[in-house]
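Take a look at the structure set out below.
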Amino acid sequence: MTRKEKQADTAAVQSDDIVFACPHCGESLAVDRRAAGMEVTCPKCGGNITVPAADAQDAPVAGRTLKSIAFDPRDERIRELASALDAARSKIAELTESIEETNRRRVHLEELRVSHNRILENIRRETDAIRESLERIADILKATESGGEEHPPAARS
Ligand SMILES: [Zn+2]
């Protein structure tokens, strides 16, 4: 059954409909009981009306034609889903923001890591140079202690 057919089906006034007057134009309206508390649009003036509870409805005015408001119980479900969808969207926006913040931090940390690695690499190079110098000095000292029997090693360059 299409949505249109369903609305046409519910458009006729039912005996247990909630009957009330539009607060904007005074039109006598009837709507399915399940619409109690929901927002509907007045078919005459187009104003937004909150359907009163079934026990707060107006008594039908004698001789006045009731105008039925189409009600589709799926409308309520659609409203619930739309509201759940809105909540999900804002949660997604929140998570996206959080992921972006995490990425910004990750990039920052990565930059720090690269910078630290560069410093460590420099220290390693300097340490290697110092070690080589010390080894050369040790070789020279060894050659000197052995009374010149050996030639000091040629300077590395
Ligand atoms: Zn109205």
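The values are calculated or read from the model by the stated rules, or taken from the named source; none is laboratory data. Everything numeric in this text was worked out from a predicted model, so none of it was measured. Cβ placement follows ideal geometry from the backbone for every residue including glycine, while neighbour counts extend to all protein chains displayed.
Which one of these does ARG104 not meet: (1) assigned by TED's automatic domain parsing to the domain that holds SER15; (2) assigned to a helix (DSSP H, G or I)?
The one condition ARG104 does not meet is (1).
Name the single residue that is nearest to the chain's Cα centre (by Cα) among those in the stretch 14-29 being part of a strand (DSSP E or B) and more than 13 Å from the ligand (Cβ to nearest atom).
Step by step, filter the stretch 14-29, then rank; the result is ILE18.
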